[in-house]
Amino acid sequence: MRTLGVLLEWMAGLLLFALLAVGVLQVTSRYTGLMFVPWTEEVARLLFVWVVWIGAAAAVFRGSHIRFDFLVARLPQPMKAGIGTLVTLGVAGFLILLVYHAYEIVRSTSSTFITINLSVKYTYLSVVVGSSLMLLGLLGALLPRLRGAQGRRGSHP
Amino acid sequence: MSLGILFGTFFLLLLAGMPVVFAMGLASAAFLVVIGGGIPLTVIPHQMVAGIDNFPLLAIPFFFLAGELMNAAGITQRLVAFATAVVGHIRGGLAYVVIVTNVVMAGFSGTALADASATGSVLIPAMKRQGYHAEFSAAITAAAATIGPIIPPSIPMIIYAVVAEVSVGSLFLAGVIPGLLMGTYLFAVVYLISRRRGYPVQARSTWRELVTATRRASWALMAPVIILGGIVTGVVTPTEAGVLAVIYSLAVGFGVHRELKVPDLPGIFCRTAVGTAVIMIIVGASGVMGWLVANMRIGETVVSGVTALTQSPWMILLLMNLFFLIVGCLMDPLAGMLIFIPVFMPLIKHVHIDPVHFGLVVVLNLMIGLLTPPVGYLLFMSAEMAEVSIDAVIREVTPLLIALLAVLAISTYWPSMVMLIPNLFQGLK
């Protein structure tokens, strides 16, 4: 699970690198006039959407999504754990819904980008892939917690 | 009470500790399921992509990246040395150095937290060594870092501009004078505190030292000029300015300072990608909420509700300030902006407040919110760097906070000051 998280970070980093390359291409083509590359804006936007969804998946593995715990942190331990599990289940439910409906969009989209012959569904595919990976990440975070809870109960009866 | 369901669920989930992005998504989903009126749930992934898939937003990863690269290129140390040569000899010298470094850094960095960690990691230990109170060092680091997103480039401003549909360039320019004003006001407070406490001074640098420090920092000092110049003259769009900033920092890091190494790059790219994603995914999720807010005509309800009480832009600006100060205390600034801008935008337009001016006011409010508990990231961060309690930093940050509130008041009620530079360069574009 940790390896997958690191792998995702690298993928997000690589996608960002590709995005930068396209950005540089756009700036050079526009200001030097040496060449005309019509597809840079659409490809850059596509890459950006992928950076965000893959990066957000990596953030689930690292637990680095922005959240506020100033209230929960003050609760007694069993209550905190209970709320934590409920929250995780809620997030999982939302992600399942997201994967399902994003897949529906991917299946029904037939239009292509204006400047390149590429289907627009690849934009929405990022949501399917990203959310599925986030689900995996949640599972990875939840399993040791459940196991740990049992372990504690076992050692302190 | 459709509004209650949407926002009530959202805040409940937030308080339970659910990450902002999922709380937004789940609240929107719950709303659609309960009172959707036949709106298909595909609207959620649709809007979550539409909120991100927007060309001006691409400036965000680029400016993020430029900031990280410049820091790795050793720009922070050079700026600190430059600022020390210029203002170090005044009583409380290092506190002024913190402010000057932040003002310059604000010209190529777009986030307050990155600035605080860059300057704090160098200057907090130095201040403590010289006998400044640790809690004061933390407080000035935190307060000065709020200048970062006011002087362009600015990540919160890009997001506001996209949500409120105003020009990123104009909003950037609107931040220049208020940002410099913040620096000036903080100077004044540091002056008073340093005199009373007898804080140390640095030896006055000779002309030769000043010239050397300036030359060594010249590449860092040029960066804001290039970025701002490009945007001001309309030669480049903010997104392209972001690309140029990255190229510039790579050139300086590898070519001039030679402190950036190829093995540093993967870490910087991965960190920037995940950091951008964490912010942008919230922007995406807020797209769903914003869409619902627009569709349910919540903005119109707010217009009729508020205008029944008062029609005066003066009063409405006061109310907005109070509201966003509270939001800034309780919430992440970005989340607060993304949720409430769609709600209030119709009201702002209805009473003819300039949306660019309003954007500056909102971002300034939310930056001040970074200095107030319970959700004051800058407080936590600087307290940790200085190894002091948050309560002690809160005490020390209070006079600085008052100075920043004064700038907020001036910027709110003197729109022609804020809009001077944007209006000046309107013709150039």
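Restricting attention to segment B:62-72, does a residue exist that is in a loop (DSSP other than H, G, I, E, B) and either closer than 19 Å to B:Thr111 by Cα or in contact (Cβ under 8 Å) with a residue 40 or more places away in the chain (or both)? Within segment B:62-72, not a single residue is in a loop (DSSP other than H, G, I, E, B) and either closer than 19 Å to B:Thr111 by Cα or in contact (Cβ under 8 Å) with a residue 40 or more places away in the chain (or both).
For segment A:64-113, give me each residue that is surrounded by 12 or more Cβ atoms within 10 Å (Cβ to Cβ) and among the basic types (Lys, Arg). Answer for segment A:64-113, where residues must be surrounded by 12 or more Cβ atoms within 10 Å (Cβ to Cβ) and among the basic types (Lys, Arg): A:Arg67, A:Lys80.
Checking each residue in segment B:373-394 for being crowded, with 19+ Cβ neighbours inside 10 Å and either in a loop (DSSP other than H, G, I, E, B) or touching a Phe, Trp or Tyr at 6+ places or on another chain (Cβ under 8 Å) (or both) picks out B:Val375, B:Gly376, B:Val388.
For B:Ile368, indicate whether it is β-branched (Val, Ile, Thr) and buried (at least 18 other Cβ atoms within 10 Å of the Cβ). In short, yes. In this structure, is B:Val362 crowded, with 24+ Cβ neighbours inside 10 Å, β-branched (Val, Ile, Thr), closer than 17 Å to B:Pro156 by Cβ and in contact (Cβ under 8 Å) with a residue 40 or more places away in the chain? For B:Val362, the condition - crowded, with 24+ Cβ neighbours inside 10 Å, β-branched (Val, Ile, Thr), closer than 17 Å to B:Pro156 by Cβ and in contact (Cβ under 8 Å) with a residue 40 or more places away in the chain - is met. Provide a single number: the residues in segment B:266-288 that are more than 8 Å from every other protein chain (Cβ to nearest Cβ), surrounded by fewer than 24 Cβ atoms within 10 Å (Cβ to Cβ) and farther than 17 Å from B:Phe63 by Cβ. Residues meeting the conditions: 1. Of all residues in segment B:201-217, those satisfying the criterion of being outside any helix (DSSP H, G or I) and surrounded by 14 or more Cβ atoms within 10 Å (Cβ to Cβ) are B:Val201, B:Gln202, B:Ser205. In segment B:229-325, counting only helices (runs of 4 or more DSSP H) that sit wholly within it, the ones holding 2 or more residues that are touching a Ser or Thr at 6+ places or on another chain (Cβ under 6 Å) span B:264-295. You will find that of B:Ile44, B:Ile5, B:Ile52, the residue that is at pLDDT below 90 and either farther than 30 Å from B:Ala220 by Cβ or not polar (S, T, N, Q) (or both) is B:Ile5 and no other. Among the candidates A:Ser132, A:Ser64, the residue that is in a loop (DSSP other than H, G, I, E, B) and either more than 9 Å from chain B (Cβ to nearest Cβ) or closer than 22 Å to B:Val21 by Cβ (or both) is uniquely A:Ser64. The residues of segment B:1-46 that are buried (at least 21 other Cβ atoms within 10 Å of the Cβ), more than 9 Å from every other protein chain (Cβ to nearest Cβ), under 13 Å from B:Ser286 (Cβ atoms) and not aliphatic (A, V, I, L, M), listed by number, are B:Phe10, B:Ser28.
Of the residues examined, B:Ser109 is one that is outside any helix (DSSP H, G or I), among the hydroxyl-bearing types (Ser, Thr, Tyr) and touching an Asp or Glu at 6+ places or on another chain (Cβ under 8 Å). Counting residues in segment A:2-10 that are more than 13 Å from the chain's Cα centre (by Cα), charged (D, E, K, R), more than 8 Å from every other protein chain (Cβ to nearest Cβ) and in a helix (DSSP H, G or I) gives one or more. Only residues that are surrounded by fewer than 24 Cβ atoms within 10 Å (Cβ to Cβ), in a loop (DSSP other than H, G, I, E, B) and in contact (Cβ under 8 Å) with a residue 12 or more places away in the chain were counted across segment B:47-57, and they come to 1.
The values are calculated or read from the model by the stated rules, or taken from the named source; none is laboratory data. Being a predicted model, the structure only gives us computed values, none of them experimental. Neighbour counts are summed over all protein chains in view; Cβ atoms, including those assigned to glycine, are modelled from backbone coordinates with ideal geometry.
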